[in-house]
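Shown next, in structure tokens, is the structure this report addresses.
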């Protein structure tokens, strides 16, 4: 009877964990989708326009450890495996097709664009050093912020501004 009771307890514990994980997944999905005046919205992807999509994918693989999810046979569009929100790269020629008045090419701009791509890591210093060793330009060395987060800034060879940071602990 003691063994049966223990099995029932373990089964109850496992069921409890499964229910908790399903509830957490449902809440995460609910948080990921926003409803604004009856329109559901989800942040799906960011596209960075670059001179050489394959080179950008390769750099982000080597420097930050992401793998390529997709590279179109034309080599003008590609995506990285980055979790729920996709980081994509598209060739400047596609931007020219999409924006009739032109666009600012980060790769040609003497200063970084006014937006950044943020990657969270437990070891900012190591990630920063690796990216610099592979061709990124250091804009700001890893620095401890007053709120406890360590942050650095890099500019990738394609001009993308990247923030590396530790998780924010509330």
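Limited to segment 38-85, what total is found for residues that are without any contact (Cβ under 8 Å) to a residue 24 or more places away in the chain, in a strand (DSSP E or B) and surrounded by 14 or more Cβ atoms within 10 Å (Cβ to Cβ)? So that I can check it myself, show each step before the final result.
Taking segment 38-85 as the starting set, the residues that turn out to be without any contact (Cβ under 8 Å) to a residue 24 or more places away in the chain are 38-42, 58, 61, 65-76, 80-83.
Narrowing the set further to residues that are in a strand (DSSP E or B) leaves 39-42, 67-71, 80-81.
Adding the requirement that they be surrounded by 14 or more Cβ atoms within 10 Å (Cβ to Cβ) leaves 68-69, 71, 80.
Residues that pass the stated criteria total 4.
Of everything in segment 105-137, what is without any contact (Cβ under 8 Å) to a residue 12 or more places away in the chain, in a loop (DSSP other than H, G, I, E, B) and surrounded by 12 or more Cβ atoms within 10 Å (Cβ to Cβ)? Give them in sequence order. Step through it out loud before you land on a result.
Restricting attention to segment 105-137, the residues satisfying the condition of being without any contact (Cβ under 8 Å) to a residue 12 or more places away in the chain are 110-111, 114, 123, 126, 129, 133.
Now drop any that are not in a loop (DSSP other than H, G, I, E, B), which leaves 110-111, 114, 123.
Matches in segment 105-137: 123 only.
Collect the residues in segment 86-104 that are farther than 20 Å from residue 163 by Cα and either part of a strand (DSSP E or B) or touching a strand residue (DSSP E or B) at 6+ places or on another chain (Cβ under 6 Å) (or both), keeping them in residue-number order.
Hits for segment 86-104 are 90, 91, 92, 95.
Every number here is computed from the coordinates shown, using simple stated rules; none is lab data. None of these values were measured; they are calculated from a predicted model. No Cβ is skipped: glycine too gets one built from the backbone with ideal geometry, and neighbour counts run over all protein chains shown.
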